[in-house]
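The values are calculated or read from the model by the stated rules, or taken from the named source; none is laboratory data. Please read all numbers here as calculations on a predicted model, not as lab measurements. For neighbour counting, all protein chains shown are included, and Cβ atoms are generated from backbone atoms with ideal geometry for every residue, glycine included.
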Amino acid sequence: MRCYNNVLNLWAKTQTIIISKDRINNSIWYQCLASKVILYLIQDGYSFPLARKADNKENAMNSEVYKESPVVHQPAFIDGHSVEIPILKILQQDGSVYQGAELPKIDQALATRIYKALAFHRVLDERMVGAQRQGRISFYMAALGEEAASVGGAAGLEDQDMIMAQYREQGALMYRGFSLEDFMNQMFSNEKDLGKGRQMPIHYGSNALNYMTISSPLGTQIPQAAGYAYGQKLQGKDAVTMCYFGEGAASEGDFHAGLNMAAVHQAPVIFFCRNNGYAISTPADEQFVGNGIASRGVGYGIKTIRIDGNDILAVLKATQLAREYALKENKPVIIEAMSYRLGAHSTSDDPSGYRTREEEAKWQAHDPILRMKNWMLANEWWDEAQETALFESLREDVLAAVKVAEKIDKPPVEDLVTDVYDQVPEHLNKQLNELKQHIKKYPESYPFTAGRIK
Amino acid sequence: MAQMNLLQAINNALDIAMAENDSALCFGEDVGHFGGVFRATSGLQEKYGKARCFNTPLVEQGIIGFANGLAAQGSTPIAEIQFADYIFPAFDQIVNEAAKFRYRSGNEFDVGKLTIRSPYGGGIAGGLYHSQSPEAYFAHTPGLKIVVPRNPYQAKGLLLASIRDDNPVIFFEPKRLYRASTGEVPEEDYQLPLGKAEVVKQGSDITLLAWGAQMEIIEKAAEMADNDGISCEIIDLRSILPWDVETIAASVMKTGRLVISQEAPLTAGFASEIAATIQSECFLHLESPIARVCGMDTPYPLALEKEYVSDHLKTYEAIKNSLNY
């Protein structure tokens, strides 16, 4: 409508427009005159709402919903915090279930699979932060204290569901079965990395596992998830899209764009917000004033649930319900999982500069993995001997895998120019050949590739 | 063959693309029943249903984000940005997402099925925000293809090729020509190659290069030059990225002179990239400096549009200066 408004402004100013033949042949005026919109406007005079008259009646704004509202004659604001949002909790820290709590669908096999993924997550994070400190990898991001959100979320899905994550959801990939070797090859950017050594550590992705490759820019996956899910719906797939993001990323414009698009176009997507209290050093109370991220669901007309993100059973329950609803109703859902990032944002920052030890200690008491372990023990689905054996073997496996992955070659120089396009275009071939000649001239300066150039 | 204007040719291409491929979707602001503010998507919702041709909320980053997701999923999104001037909220989704999707995933995922259509360019009394030619911003981004047609025949063939190409393509449509440019267009399906320039008219004294709506400007200037006995070779670049160095270089080797005309401002416009490459490819064949005839380095004006634009007279002067260097 922008061009029409532009024309309308002029119309309003001049009242009479003399349009030369030259202008008509060759201008926006002609295009506007040719449209219904301007004809309506010319008939009715200048006023903005008239533009709506050109809309299809079926498409016209549905104002029925407002008619049900109470009418007042004294001005009164509604409060920005007037929506009360309950939080779902199922499992207590001691491993007992809240009275009357409705459990998710879970049996011993599923519980064990989830618990093993959580344990793998804890060990991999711990070892890889160490490996970064030793200078073996350049960068790492742990998810200490909030592993239940990613692992539990994936466990509530089916394998054919697409997961579009932010970057701290390696737990979902672990649950799906991304191998230790795959993780290592990505972190060491070697030639066996599925991503061909192109992205910083932790930017995993796997087509086979329906886990979209991570992108550093924040929030970009949110509108993409809406589109992905819309495509799934149109093609009648028995699948939804799971979209993870943090409470900080929810400040990005793409968050608004994605949620609104999903709501308007009725896409079966689960928006899973990990509210872990911090965006690098910025606490949530400096990120927004509203009632978390869940309150925004109301504004978009999206069904929303807030859960204890450290409660694996609550995460599983909410995701199972959300999937069922999204698929059946072809509509989006929001889950806000309340948690706390016990670790640093990444290996590049130190939280002692922006928060207290006391605050961290408070959350250490809510460890989601210990909570699940307590529940497993109480169910007699797990014992201490299994616990010790699992963690010991995981630590050994990770250490051994590091030693293998770091010795694998970097990708060949040709990988610089592939996948920019579906085929390598002429100008990139030329640049690659020039580079190869240059490397041959100074082989000692390019040790990764010099020996392998033909 | 039918007589079509540029809009009808685009509409016809979209119709063919949607008929042959159930996963092809057209969407954007006012694109649905209304058929787009310029009518490029007229009739498509009636024919293919609301699920496949629809209005989106007013959110360009949402439109392209949604389109990226659809393309990654395997659908064929054809997204419209109502005016190229409003493409910038989607810049991140285009430059950081669409362009890098395949590369960053090691080809695990791609958005090759994505096509973004957007009307660009001035000459319509559109002022600052209905006139811009933003191709150079995107030309700086590996992973994108950029295509600009000059007439209805080109528009249909190039748009069908763009939709079917397995890379994200930005298709900039010269809105000044939407209804002004008419011509014979085959009703059947055909494609024109991406990444290939077209020599529109052979000549021997000087090469004139442009794309999109600027083609008729250089053609007019060439007519004036012809009256002075100057033989101009006229080339339509058609694809901005990747662009056809070979065809341009071969022509300049022959004529020894090059004038590039673009609507966008002079500094860091795509003409600058062409000039740098061609001087490197053809250095010893050049008889005079490569000239760029461009918009001025100001925002696109309204009242002084005629003064601002790189018109046929400025191009004609550049031709004469090159010959008299």
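Odds and ends about this structure:
- Count - residues of the stretch B:1-50 that are free of Cβ contacts under 8 Å to residues at least 40 places away in the same chain and within 11 Å of chain A (Cβ to nearest Cβ): 11
- The residues on offer are B:PHE109, B:PHE66, B:PHE83, B:PHE88, and the sole one that is more than 7 Å from chain A (Cβ to nearest Cβ) and not small (Gly, Ala, Ser) is B:PHE88.
- Of the residues making up the stretch A:207-216, just one is at the interface with chain B (Cβ under 7 Å from one of its Cβ atoms) and either surrounded by fewer than 22 Cβ atoms within 10 Å (Cβ to Cβ) or modelled with pLDDT under 95 (or both), namely A:ASN207.
- When B:ASP297 is tested against (1) farther than 29 Å from A:LEU428 by Cα; (2) assigned to a strand (DSSP E or B), only condition (2) is not met.
- Within the stretch B:263-285, the set of residues being of a type in the set (S, T, N, Q) and surrounded by 17 or more Cβ atoms within 10 Å (Cβ to Cβ) comprises just one member, B:SER272.
- Enumeration of residues in the stretch A:301-336 that are more than 17 Å from the chain's Cα centre (by Cα) and hydroxyl-bearing (Ser, Thr, Tyr): A:TYR325
- Residues within the stretch B:154-183 that are in a helix (DSSP H, G or I), in contact with a helix residue (DSSP H, G or I) (Cβ under 7 Å, 6 or more places away or on another chain) and either away from chain A (no Cβ under 13 Å) or under 21 Å from B:ASN96 (Cβ atoms) (or both), tallied: 5
- Test: residue in the stretch B:87-95 that is out of contact with any Asp or Glu (no Cβ under 8 Å at 6 or more places or on another chain), farther than 25 Å from B:LEU302 by Cβ and crowded, with 23+ Cβ neighbours inside 10 Å: yes
- B:ASP92 vs. criteria modelled with pLDDT of 95 or more, under 23 Å from B:GLU135 (Cβ atoms), in a helix (DSSP H, G or I) and among the acidic types (Asp, Glu): yes
- Unmet requirement for B:ILE124, which otherwise passes all of (1) buried (at least 22 other Cβ atoms within 10 Å of the Cβ); (2) aliphatic (A, V, I, L, M); (3) part of a helix (DSSP H, G or I); (4) within 11 Å of chain A (Cβ to nearest Cβ): (3)
- Residues considered: A:GLY246, A:GLY236, A:GLY197, A:GLY219. Of these, the only one that is on the phi > 0 side of the Ramachandran plot, more than 7 Å from chain B (Cβ to nearest Cβ) and buried (at least 24 other Cβ atoms within 10 Å of the Cβ) is A:GLY219.
- Residue match in the stretch A:91-108 (condition: crowded, with 20+ Cβ neighbours inside 10 Å, hydrophobic (A, V, I, L, M, F, W, C), over 26 Å from A:GLU380 (Cα atoms) and in the same structural domain as A:LEU370 (by TED's automatic domain parsing)): no
- If the condition is being of a type in the set (A, V, I, L, M, F, W, C) and in a helix (DSSP H, G or I), then the stretch A:199-238 contributes A:ILE222, A:ALA225, A:ALA226, A:ALA229, A:LEU234.
- Residue pairs meeting the criteria (Cβ under 9 Å; at least 6 apart or on separate chains; first touching a residue at least 40 places away in the same chain (Cβ under 8 Å), in the stretch A:134-150; second among the hydroxyl-bearing types (Ser, Thr, Tyr) and part of a helix (DSSP H, G or I)): A:ALA143/A:SER150; A:SER150/A:TYR175
- Residues that are modelled with pLDDT of 95 or more, in contact with a Ser or Thr (Cβ under 6 Å, 6 or more places away or on another chain) and in a strand (DSSP E or B) do occur in the stretch A:329-341.
- Filter result for B:ASP189 (away from chain A (no Cβ under 14 Å), surrounded by fewer than 22 Cβ atoms within 10 Å (Cβ to Cβ) and within 18 Å of B:ILE319 (Cβ to Cβ)): no
- Search result, residues across the stretch A:159-184 that are of a type outside the set (Val, Ile, Thr), closer than 20 Å to B:LYS100 by Cβ and outside any loop (DSSP other than H, G, I, E, B): A:MET162, A:MET164
- Residue list for the stretch A:264-301, filter: over 19 Å from A:ALA344 (Cα atoms), surrounded by fewer than 21 Cβ atoms within 10 Å (Cβ to Cβ) and among the aliphatic types (A, V, I, L, M): A:VAL264, A:VAL289, A:VAL298
- In the stretch A:199-239, of all residues being β-branched (Val, Ile, Thr) and without any contact (Cβ under 8 Å) to a residue 40 or more places away in the chain, the one that is farthest from A:GLY153 (Cα to Cα) corresponds to A:THR220.
- Restricting the stretch A:395-417 to residues that are within 14 Å of chain B (Cβ to nearest Cβ) and free of Cβ contacts under 8 Å to residues at least 60 places away in the same chain, the residue that is surrounded by the fewest Cβ atoms within 10 Å (Cβ to Cβ): A:GLU414
- Qualifying residue in the stretch A:298-305 (condition: touching a strand residue (DSSP E or B) at 6+ places or on another chain (Cβ under 6 Å), modelled with pLDDT of 95 or more and either hydroxyl-bearing (Ser, Thr, Tyr) or farther than 30 Å from A:HIS265 by Cα (or both)): yes
- A:ALA365 meets the conditions (1) surrounded by 13 or more Cβ atoms within 10 Å (Cβ to Cβ); (2) in contact (Cβ under 8 Å) with a residue 40 or more places away in the chain in every case but one. The failed one is (1).
- The one condition in (1) in the same structural domain as A:ARG113 (by TED's automatic domain parsing); (2) in a loop (DSSP other than H, G, I, E, B); (3) surrounded by 15 or more Cβ atoms within 10 Å (Cβ to Cβ) that A:GLU380 fails to fulfil: (3)
Listed here are the residues, each with its yes/no results for (1) polar (S, T, N, Q); (2) farther than 22 Å from B:ASN5 by Cβ; (3) touching a residue at least 60 places away in the same chain (Cβ under 8 Å).
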position	(1), (2), (3)
B:PHE172	no, no, yes
B:THR182	yes, no, yes
B:PRO186	no, no, yes
B:GLN214	yes, no, yes
B:ALA221	no, yes, yes
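- Here is the figure for the stretch B:247-270: residues that are in contact (Cβ under 8 Å) with a residue 24 or more places away in the chain and either among the polar types (S, T, N, Q) or assigned to a helix (DSSP H, G or I) (or both) total 12.
- Residues that are part of a loop (DSSP other than H, G, I, E, B), in the same structural domain as B:ASN151 (by TED's automatic domain parsing), more than 20 Å from B:HIS130 (Cα to Cα) and free of Cβ contacts under 8 Å to residues at least 12 places away in the same chain do not occur anywhere in the stretch B:64-80.
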